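Below is one structure, written out as structure tokens, with a few remarks after it.
What follows is calculated from the coordinates using simple rules that are stated; it is not laboratory data. It should be emphasised that the depicted structure is a prediction, and the values quoted were computed from it without experimental measurement.
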Amino acid sequence: MSIIESNLKTAFSTVLQERRSARRLLPGAFPATLVEELASAARLVPSSFDAQPWRIVVLHERNADFWELVTATIDERLENDRRDRYLARAAGMRDGGMTLLIFEDLALSAPQDRLSPEEARDHTSQALGMLQLTLWLSLTAHGLVTSPQHWHEFLEDVVLWFAGLPEEGFRLVAFMPVGRAAERPEPRVELTSRVSRETAP
């Protein structure tokens, strides 16, 4: 193994180990090139037919306004313990200073090459999952943390409105609040039974 290959392996392993979920954030120091680097990373994410069926909106200057909208919508649409839980989550994540909004571009995720709608949906879901992980690892490499949130059930319409995207053309996939961790991560659960090695008969 060459020195370059060894260094790449070590760096990748380190980023994987350092990637953690954080739901309580402090303001982060965002490099001037961060958005450009996230865009470059997103362009490298594999997708079926290289369609890249997503739109990413980075909120920084309007981040506080976004979380005010999220909080007001939770307060209006949810009830009882569920409302309290989500309000507590929002309170912990709003102070990071940046949020990535991730949308599916429905025009780009439509079936191609005789794929059924179900097959196209599977392909798109896989690509969007890889996109979120790629962005997450890119943020980790900068010493930042996030925790993808999938609250489209009760927030999709207001988030699309805030982003200026039409409901008929886009679907909210996730949003990723970004900042520095204000909490210690939970210990990792060791799961060794998820991968098995093929054995000869």
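Tell me, what ³J(HN,Hα) does each residue in segment 125-142 have, in order and in whole Hz, if you take phi through Karplus 6.51 cos²θ - 1.76 cosθ + 1.60 with θ = phi - 60° and put x for Gly and Pro?
Taking θ as phi minus 60°, the curve returns 4, 5, 5, 5, x, 5, 4, 4, 5, 4, 4, 4, 5, 5, 5, 4, 4, 9 Hz for segment 125-142.
Compute a Gaussian network model of the chain, connecting alpha carbons closer than 10 Å, and tell me which residue from ALA127, ALA39, ALA64 fluctuates the most.
Greatest mean-square fluctuation among the candidates belongs to ALA39.
Pick out which of PRO46, PRO148, PRO185 has the largest mean-square fluctuation in a Gaussian network model of the chain, springs linking Cα atoms closer than 10 Å.
PRO185
Taking the alpha carbon gyration tensor of segment 26-119, what are the square roots of 5 times its eigenvalues, largest first, to the nearest whole Å?
Numbers: eigenvalues 192, 95, 18 Å².
Largest first, segment 26-119 gives 31, 22, 9 Å.
I need the phi-derived Karplus couplings for segment 74-84: 6.51 cos²θ - 1.76 cosθ + 1.60, θ = phi - 60°, integer Hz, Gly and Pro marked x.
4, 4, 7, 9, 9, 9, 6, 4, 5, 4, 4
Please list the non-local residues whose amide H lies under 5 Å from the amide H of GLY179, H modeled 1.01 Å from N, same-chain partners needing a gap of 5 or more.
VAL145
What are the ³J(HN,Hα) couplings of segment 181-197, residue after residue, when phi is run through the Karplus curve with 6.51, -1.76, 1.60 and θ = phi - 60°? Round to Hz, x for glycine and proline.
6, 10, 8, 7, x, 5, x, 5, 8, 7, 10, 9, 8, 7, 10, 10, 9
What do you get when you divide the Cα radius of gyration of the chain by 2.2 N^0.38 Å, with N the number of residues?
Working: Rg = 18.7 Å, N = 201, 2.2 N^0.38 = 16.5 Å.
In units of the globular-protein estimate, the chain measures up at 1.13.
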